[in-house]
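Notes follow the structure.
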Amino acid sequence: MSKRIVFVFGSYLLAIGGLSGQSAPAVKEVAITPTSPGSGKDNFLMYCAVCHGRDAKGNGPAARALKKAPADLTGLTARNHGTFPELRVMHYIEGSDEVAAHGSRDMPVWGELFSLQNERSKALRLSNLVEYLKSIQAK
């Protein structure tokens, strides 16, 4: 039985099946399943965990298919001298700061879901996602 790995690009999810033992995984487009902007954890699990892992340590099922390993998001505070870099994280997520692994600024991995929402919904989703990441920092 092959596993499915899902990447978010634009308004589609790309499902990659059968990575175990195959040299060229099959890619299939499937529609995005929207989540409520009110839950940072739900948003993380739906749109970020495929690369960063459910535990946010950079070990998601798609991580080995990427050229650059995803960051361990539980160590952001430690890597920033004990202070969670809230504004910098917000900028990465919204696409105003460049992160090579997230693709071009024209189409970051989360694509249209984050960028084409009304401003209130976008701000709420962004704020809750950042708060969730802040809450899971390693002690």
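General remarks:
- Any hit, the stretch 26-45, residues being at pLDDT below 70 and open to solvent by less than 60 Å² (accessible area, probe 1.4 Å): yes
- Within the stretch 49-67, the residues that satisfy the criterion of being open to solvent by less than 40 Å² (accessible area, probe 1.4 Å) and either over 25 Å from Ala123 (Cβ atoms) or free of Cβ contacts under 8 Å to residues at least 24 places away in the same chain (or both) are Ala49, His52, Gly53, Gly58, Gly60, Ala62, Ala63.
- Total residues in the stretch 68-79, condition open to solvent by 40 Å² or more (accessible area, probe 1.4 Å) and either in contact (Cβ under 8 Å) with a residue 40 or more places away in the chain or not aliphatic (A, V, I, L, M) (or both): 4
- The stretch 90-110: number of residues that are modelled with pLDDT under 70 and either in a helix (DSSP H, G or I) or aromatic (Phe, Trp, Tyr) (or both): 4
- Only one entry of Leu124, Leu133, Leu87, Leu113 meets the criterion of being outside any loop (DSSP other than H, G, I, E, B), open to solvent by less than 60 Å² (accessible area, probe 1.4 Å) and at pLDDT 85 or above, and that entry is Leu133.
The values are calculated or read from the model by the stated rules, or taken from the named source; none is laboratory data. Computed from a predicted model, the values in this text were never measured in an experiment. Cβ coordinates were reconstructed from backbone atoms using ideal geometry, including for glycine residues, and neighbour counts include every protein chain displayed. Note: areas computed on protein heavy atoms with side chains; ligands, DNA, RNA excluded. Shrake-Rupley method; radii C 1.70, N 1.55, O 1.52, S 1.80 Å.
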